[in-house]
Structures are given as structure tokens and as C-alpha cells.
Amino acid sequence: LFRNLTTREDDILNGYIYVGETLCILDCPSPLFTIREWDMFYIMSIVMGGISMIASLFLIITYSPIINRKINKTSLAILSMAVSIFLMSSTDGYQIWDVDRGFTKYCPDKGRYARQSDRSCLATGLLFQYGSVSAIMWWSVLAFDLWMSIKKKKTGKRQIFYYFIGINIISIVFTLAPIGHNQYAYNTASIGCWLSELKYQLAFFFIPLAIVLTFGSVFIVLILYEIYKLSDIVEKKTLKKYIRPSILIILMCLEFYYMVIYYSYITKDEKNVEKRLVNYIICLFENENKPGGTDKCHFKTLSPSAQFIFLFSYRIMGLEGLIFYGFTTQTKKIWKKSYLFN
């Protein structure tokens, strides 16, 4: 798209992305993917996001004081992680209540990408960041708690309270700090508003995530080792009680790792993609009226399949939580003993 130049720096701050040093700006959504591929990503966000929200909401109701009359460290951790996943699922991409807005949700003006100055972008970005940071930390708490349960080690009642306060303080700090640097924005490869620059992504998400993943992975290894030791000693029924949550913790660990590896790759390759895009657009201009036209112009973009898996991976967490923590004998006991039936 051609844009009449006003003040280039102001345009960039407002969300216009210029192609190199030209007066051309990228259309929104970006040409990294076709409109059909963008539609596919957003339809998936509606469907899987909706399922994840409903699944998370069921866990929130089940493990909250509304239904659960006995809150312990495990139920509080499950409840907190379900709230975090609910926030992730309800703030990224499209939701049922705003599907009619189409691309204008993140492309408020022609060729302009939503920025922190757009209220909805800031609100959804804040909630998504908070949900993501807290979900990962509560995942590590569940891994630690499962290991402690297998080892038959007891923790003090105050310990989970300290976890709750500490995790929320960290999540709030990591969520609010980027505001001062105008970091919440919609970018060329995303389907929602999040941190825009790599250094802030590293400082407020990826480095803390790597630390938490390392911590959680250690406990996964310890959990598997303890289950192996118990396999010939305890009954299958008792062993199943530990294996079921272990599978969820491992699945979420793999999903977190994929998200880190993929997003690190596309962020690292971002400058190269921009260069290829500039060369592609210049090629289109230069060959528009030549024999053969623009057929000789090619643009190597990101893999739509890898992008789809990335976007899908954190939208399935709510459903996984429902399968492994919602359909258990423990949840049956919680509902039977709840205020609704007593």
C-alpha cells in the first residue's frame, strides 16, 4: 500500500509498517500469509479458544470455593492454572463475541497494526501476558506438588499461600512493566496483541519461561523415576493416580518447549523475512510491465503448518486440563460434597 508521508516516525509509532525506505506500507494483516491462511488461523482461534474457555471455566467452578468445600494446595494450584488458561484463551485471536469485527479488531485502519494506544489491544495484551506467565509458573508448581505427593512428603499449609502471593506478584510485574515502553502491539506474524520487541520478550517472558521450564523438567524426570520405582510395589489403581496428572504435565511441557523454540526461530528470522519481503515488493514493481510479469517474483515466508501448530498448542491446554483434572474421581467427590447437593 502507498501512504502519503506525514511524519514517518509518528506513523511507525501508530502502527504503520514501512517497506524498507520506500513510501509503501504493509497491508494488515501482513502478506506473510494469504487471507485464506489468516482466516484459517482465526477460525481455529474461535473454535479451540471457545472449547478451552468452556473447559477452563468448568475447572474454575469445580475447584473454586463455590463448589469445592475443601481447598488444599493441589486444588488451589489447579484453580489458579485454570484461571490463567482461561485468560490466555479469551484474549488472543478472535472470540465468539467479537467475530463480526473481522480483521478490524487488530487492523483498526487500512494498513495500520493495532498498538498499545488502542484500548482493546492494550487490554487483551495485558490479560494474555498475565495469563501466560502465571500459567507456566502454576504448571511448575503442579509438577513439584505431584513429586511431593509421590514421595509422601508434606508441605506446610502456608507454603501454597506463599506460592499464590509470589506468582501473582511476579505475573503482575512482568505484565505491567512493558507498558512504560509501549510494548503491547499487534505484529506481522501474530493473531493478537503481545510484546513487540525481542529484548522485552526475552526479559519479560522467554528467559523466565526457560528458568521455569528447566525447574519443571527436573521434577518431571524425578516424577518418572519415582513412578518407575513404584511400578513393582504398589497397586495399579494407586499408580494410575500418579500417572494421569504426569501425562498432562509432560504434554504441557512439550507444548511450552515448542512455543519457545518456534517463537525464538521466527523472531530470530524476522529481519531476514523483512528483507525478503522488501526484495519481493521491489521485484513486483520492477517487473509489473515486463514480459513474464511478476511470475519471476517469489517470497519465501513462514510455514503455515508450523504457525498453525504454534497457535493451536496453547489453545488445547484448557481441554487437556479438563480431561486430566476434570474427569476424575476427585472431581466427582467435590461435586457430591458441594453445597449444591448438601
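Which ones in the stretch 66-112 are part of a helix (DSSP H, G or I), modelled with pLDDT under 90, surrounded by 19 or more Cβ atoms within 10 Å (Cβ to Cβ) and polar (S, T, N, Q)?
Thr74, Ser75, Ser89, Ser90, Thr91
Taking the condition assigned to a helix (DSSP H, G or I) and surrounded by 19 or more Cβ atoms within 10 Å (Cβ to Cβ), does Phe205 pass?
yes
Quick one: count up the residues across the stretch 325-342 that are modelled with pLDDT of 85 or more and among the β-branched types (Val, Ile, Thr).
So the count comes out to 2.
Return the residues of the stretch 240-286 that are of a type in the set (S, T, N, Q) and within 28 Å of Arg315 (Cα to Cα); say none if nothing qualifies.
Listed by number, the residues that qualify are Ser246, Ser264, Thr267.
Among what's in the stretch 171-202 and is among the β-branched types (Val, Ile, Thr) and outside any loop (DSSP other than H, G, I, E, B), pick the residue that is nearest to the chain's Cα centre (by Cα).
Thr175
What do you reckon, is Ser149 more than 29 Å from Cys193 (Cα to Cα), open to solvent by less than 60 Å² (accessible area, probe 1.4 Å) and not β-branched (Val, Ile, Thr)?
Spelling it out, Ser149 is indeed more than 29 Å from Cys193 (Cα to Cα), open to solvent by less than 60 Å² (accessible area, probe 1.4 Å) and not β-branched (Val, Ile, Thr).
Filter the stretch 114-148 for residues that are touching a Gly at 6+ places or on another chain (Cβ under 7 Å) and either more than 18 Å from Phe86 (Cα to Cα) or hydroxyl-bearing (Ser, Thr, Tyr) (or both) and give the result.
Once the filter is applied, which keeps residues that are touching a Gly at 6+ places or on another chain (Cβ under 7 Å) and either more than 18 Å from Phe86 (Cα to Cα) or hydroxyl-bearing (Ser, Thr, Tyr) (or both), the stretch 114-148 yields Ala114, Arg115, Thr124, Ser140, Ala143.
Does the stretch 273-319 hold any residues that are among the hydroxyl-bearing types (Ser, Thr, Tyr) and at pLDDT 75 or above, and which are they?
Residues satisfying the conditions are Tyr280, Thr301, Ser303, Ser305, Ser313, Tyr314.
Just for helices (runs of 4 or more DSSP H) wholly inside the stretch 266-342: which have at least 2 residues that are open to solvent by 40 Å² or more (accessible area, probe 1.4 Å), under 30 Å from Thr62 (Cβ atoms) and touching a residue at least 12 places away in the same chain (Cβ under 8 Å)?
Qualifying helices (runs of 4 or more DSSP H): 304-313.
Quick one: which of Tyr63, Tyr42 is touching a residue at least 24 places away in the same chain (Cβ under 8 Å), buried (at least 17 other Cβ atoms within 10 Å of the Cβ) and over 24 Å from Ile170 (Cα atoms)?
The conditions single out Tyr42.
Evaluate the following for Ile243: is it touching a Phe, Trp or Tyr at 6+ places or on another chain (Cβ under 9 Å), among the hydrophobic types (A, V, I, L, M, F, W, C) and either modelled with pLDDT under 80 or crowded, with 17+ Cβ neighbours inside 10 Å (or both)?
No, not satisfied.
The values are calculated or read from the model by the stated rules, or taken from the named source; none is laboratory data. Owing to the predicted nature of the structure, the values given are computational and were not obtained by experimental measurement. So basically every Cβ, Gly included, is an ideal-geometry build from the backbone, and we count neighbours across all protein chains shown. Surface accessibility is based on the protein's heavy atoms, side chains included, excluding ligands, DNA and RNA. Shrake-Rupley method; radii C 1.70, N 1.55, O 1.52, S 1.80 Å.
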